[in-house]
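The values are calculated or read from the model by the stated rules, or taken from the named source; none is laboratory data. Here the structure is a predicted model, which is why all the values come from computation and not from measurement. Please note: Cβ atoms are built from the backbone with ideal geometry, for glycine as well, and neighbour counts cover all protein chains shown. Please note that ligands, DNA and RNA were not included when accessible areas were found on the heavy atoms of the full protein model with its side chains. Shrake-Rupley method; radii C 1.70, N 1.55, O 1.52, S 1.80 Å.
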Amino acid sequence: QVQLVESGGGLVQPGGSVRLSCAFSGSIFSTYVMYWYRQDPGKERGLVASITSGGRTNYAEAVKGRFTISRDNAKNTVYLQMNSLNPDDTAVYYCYARSRIEDYWGQGTQVTVSS
């Protein structure tokens, strides 16, 4: 059973930075495409970024140029570096893992951008 554990969220000032981490366990990390999603209360969960095992990335338009997704296949961890944060980035951020046959969600970590 795959487990995903996010960490790194918290309160950050506008213009600040934070790095989220998602630790993966329970299967072969390199066979999963990894994603970060986010969700505001009352809104649908939306894709932030994705990364394949080979390092190919994709970003939502709202975060291009500010966020960077990366993965360390040796440490079974995916990261989301978030820079130039603004209040619209406030959300619960979820890690998501998808292979050819199954998918899993993490429990989420809150990021609040406020002065």
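For segment 1-14, filtering for residues that are open to solvent by less than 30 Å² (accessible area, probe 1.4 Å) and either closer than 23 Å to I101 by Cα or touching a His at 6+ places or on another chain (Cβ under 9 Å) (or both) leaves 3. Close Cβ contacts (under 6 Å, 6 or more residues apart or on different chains) running from residues in segment 38-62 that are closer than 22 Å to K75 by Cβ to residues that are basic (K, R) and part of a strand (DSSP E or B) comprise V48/R38; I51/R71. Among the residues of segment 78-93, is there at least one that is at pLDDT 95 or above, surrounded by fewer than 17 Cβ atoms within 10 Å (Cβ to Cβ) and in contact with a Cys (Cβ under 9 Å, 6 or more places away or on another chain)? So far as segment 78-93 goes, no, none of its residues is at pLDDT 95 or above, surrounded by fewer than 17 Cβ atoms within 10 Å (Cβ to Cβ) and in contact with a Cys (Cβ under 9 Å, 6 or more places away or on another chain).
Okay, residues lined up against (1) open to solvent by 30 Å² or more (accessible area, probe 1.4 Å); (2) aromatic (F, W, Y); (3) at pLDDT 95 or above:
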position	(1), (2), (3)
G16	no, no, yes
S21	no, no, yes
S25	yes, no, yes
D40	yes, no, no
K43	yes, no, no
S53	yes, no, no
R56	yes, no, yes
K64	yes, no, yes
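The number of residues in segment 63-94 being small (G, A, S) and touching a residue at least 24 places away in the same chain (Cβ under 8 Å) comes to 2.
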